[in-house]
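The values are calculated or read from the model by the stated rules, or taken from the named source; none is laboratory data. Because the structure is predicted, anything quoted here is derived from the model rather than measured. Here the Cβ positions follow ideal geometry from the backbone for every residue, glycine too, while neighbour counts run over all protein chains shown. Protein only, heavy atoms only, side chains kept; ligands, DNA and RNA dropped before computing areas. Shrake-Rupley method; radii C 1.70, N 1.55, O 1.52, S 1.80 Å.
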Amino acid sequence: MKKYLGIAAITAAALTLSACGSGTSAESGSNPSDNADRSITLWLAGGDTSDELRGYLKDTFKAKTGATLKIEEQGWGDLVTKMTTALPDANNTPDVVEMGNTQSPTFTNVGAFADLSDMYDELGGDKLLPSFVEAGSVDGKKFALPYYFGSRYMFTRKDIWTEAGVATPTTLDEFNAGMKSIADKNPREIKNFSGFFLGGQDWRNGVSWIFANGGDLAKKENGKWVSTLADAKTLKGLEQLRDLYKNASKAPSDAKDATPWLYINDADEILGDDGKPTGKTSLAAATIMAPGWAHWSIGDLKKDDATGKDVRTWNEDTFGTLVLPGNDGKPAPVLAGGSNIGISAKSKNQDLAKDLMRIIFSEEYQNMLGGAGLGPANSDYVNSLGDDQFAKAAIASASNSKLTPAAPGWASVETSLVLEEFFGKLRDATDLAALAKQYDEKITPQLNLK
């Protein structure tokens, strides 16, 4: 999941978008030498796509098409603003764009991307992550497809679980009970200790309890999106969350989903935006929920002989992983992280852009994504993630993952921080149904913004 900016400017610019194409490609039978003077631009979001992957895309694209692939990295913080400005401009639009999976509806609903429905089966079809495909679809047509996924799962202090006498849970109810038991026993008598560290405003992790009980954040009724916080199934999940907030978590009431691993390590440093320490933390939780890549930030602090830098080294005796269990024998649904990718509707190089998509969704590149620790879009290649406990947990948690509602105004919901506000009131709510209804009335109009 990624941060967004507002969508007001998107509407005015993107409503005028229309698809256009030109030329022929190597895929359609042209000689690569005919494309020697042509180039396309790929926007990648953040630095998750490694230099090795980027080099492969450039070299393979050149070899297959004869054209040049230019890759430009865009920061997550201003990606939406840049997309809003560039996508409507045929002379300046990137040809292919990576975006956060939940950013997709904001742009697909206003025609910013070309229809990929005719390529869907060729690029993987039903093997592609269904929730990501749904986020990039409008009225059954596919406009943005999954690029890679990241999964959320639990990281535990095995030593403290053992000291508290709590066994590995097999159901969500057992997990909830175990987290309260660890917090109550607090075997090391640590002040403000959490069995499960869950920030008061952390809806991205907290929504798993809503999903696990069959609820959702919103649904489409009679052509309109409506917020469903007051739905009976959603309320059941919210009641469980309120119980955890009161009896299992001592996380700050304003904490979101950032850096929970600071509280599971014996000691750690809080870093500012410039990378410099701004504070220190000590062990304060037996369990956290975080994206899989967080394991690189969890462990004993040791000096790397090659670089001389302090690094975290996973200690199997101290730390463990756990896929959040549901009550149906499957993993509980978690909010999937990752990206989608699409072709700008205003690109003048639709043919070459499609050739790039064929390379991205090829077996070789999908396996390279997995080798780099990024979940492949195509389920046939998830084994490329490896077979260690982190890969197994990532694959298992992704198998039942969900995304935020594919509503055109979802970006407005997130940027308004209304869900953070709502979740921040759960712990002390005396009438959850009334609180949920109040926020449904706030959120429903935002969901339908275009």
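Note the full-extension length gain between Glu163 and Asp139 as 0.36 nm times their separation in residues minus their Cα-Cα distance, in nm to one decimal.
Numbers: separation 24, 0.36 × 24 = 8.64 nm, distance 5.30 nm.
Stretched out fully, the Glu163 to Asp139 stretch lengthens by 3.3 nm.
In degrees from 0 to 90, rounded to the nearest 10, what is the angle of the helix 51-65 Cα long axis to the longest principal axis of the chain?
Rounded to the nearest ten degrees, it is 20.
For helix 172-185, what angle does its Cα long axis make with the longest principal axis of the chain, in degrees from 0 to 90 and rounded to 10?
Helix 172-185 sits at roughly 50 degrees to that axis.
Which residues in the range 391-406 have a backbone N closer than 20 Å to a point placed 7 Å from the Cα of Lys330 along the Cα-to-Cβ line?
392-406
What nm value, rounded to one decimal, do you get for the distance between Ser416 and Glu363 when each label is placed 7 Å out toward the C-beta?
Those two pseudo-labels are separated by 4.9 nm.
Considering the options Thr156, Leu229, Phe143, tell which one lies farthest towards the positive end of the dipole of the range 135-282, charges being +1 on Lys and Arg and -1 on Asp and Glu at the Cβ, about the Cα centre.
Of the candidates, Phe143 comes out farthest on the positive side.
Dipole size in debye (nearest 20) for the chain around its Cα centre, Lys and Arg Cβ +1, Asp and Glu Cβ -1?
Values: 47 positive and 60 negative charges, 178 e Å.
The calculation lands at about 860 debye.
Considering only the chain, what is the antiparallel percent among its DSSP beta bridges, to the nearest 5? Numbers along the way, then the final one.
On the way: 39 of 50 bridges.
Looking only at bridges with both residues in the chain, the antiparallel portion is about 80 percent.
Output the pairs from Lys256/Lys425; Lys180/Lys330; Lys180/Lys392 with a Cα-Cα distance over 18 Å in this structure; if there are none, say none. Each step should come with its number before you reach the end.
Details: Lys256/Lys425 13 Å; Lys180/Lys330 22 Å; Lys180/Lys392 27 Å.
Exceeds cut-off: Lys180/Lys330; Lys180/Lys392.
Could you work out the longest stretch of the chain that avoids the GluC sites (Glu not before Pro) located in DSSP loops with at most 11 other Cβ atoms within 10 Å?
On the way: sites that count: Glu189, Glu316.
Value returned for the longest uninterrupted segment is 1-188.
With a 1.4 Å probe and all protein chains left in place, how much accessible area per residue does the range 241-365 have, in Å²?
Details: 5630 Å² over 125 residues.
Accessible surface, normalised per residue, equals 45 Å².
Cross-link partners among aspartates and glutamates for Lys354, C-alpha distance below 15 Å, same-chain residues fewer than 8 apart left out?
Glu27, Asp95, Glu98, Asp115, Asp118, Asp121, Glu122
Give me log10 I(q)/I(0) at q = 0.08 Å⁻¹ for the chain, Debye formula, one equal scatterer per alpha-carbon, no solvent.
-0.48
Label Ile270 and Arg427 with points 7 Å out from Cα along Cα→Cβ: what is the distance between them in nm?
Output for this residue pair reads 1.5 nm.
Keeping every protein chain in place, order Tyr147, Tyr381 by accessible area at 1.4 Å, biggest value first, i.e. largest first. Before the final figure, lay out the partial values.
Values: Tyr147 0, Tyr381 45 Å².
Order by accessible area, largest first: Tyr381, Tyr147.
Quick check: at a probe of 1.4 Å, how many percent of the accessible area of the chain sits on carbon and sulfur atoms?
Values: 9090 of 19030 Å².
Solvent-exposed carbon and sulfur of the chain make up 48 percent of the total.
Measuring from label point to label point, each 7 Å out along Cα→Cβ, what is the Asp173 to Ile190 span in nm?
3.0 nm
I'd like to know how the range 113-234 sits against the 2.2 N^0.38 Å rule of thumb: what's its Cα Rg over that expected value? Please report the intermediate quantities before stating the final value.
Numbers: Rg = 20.2 Å, N = 122, 2.2 N^0.38 = 13.7 Å.
Here the Cα radius of gyration is 1.48 times the empirical estimate.
Compute and list, largest first, the equivalent-ellipsoid semi-axes of the range 239-357 from the alpha carbon gyration tensor, each √(5λ) rounded to a whole angstrom. Mind dumping the intermediate values first?
On the way: eigenvalues 223, 123, 54 Å².
Ellipsoid semi-axes (Å, largest first): 33, 25, 16.
Kirkwood-based Rg over Rh for the range 308-406 (C-alpha set), two decimals?
On the way: Rg = 17.5 Å, Rh = 16.2 Å.
Radius of gyration relative to Kirkwood radius: 1.08.
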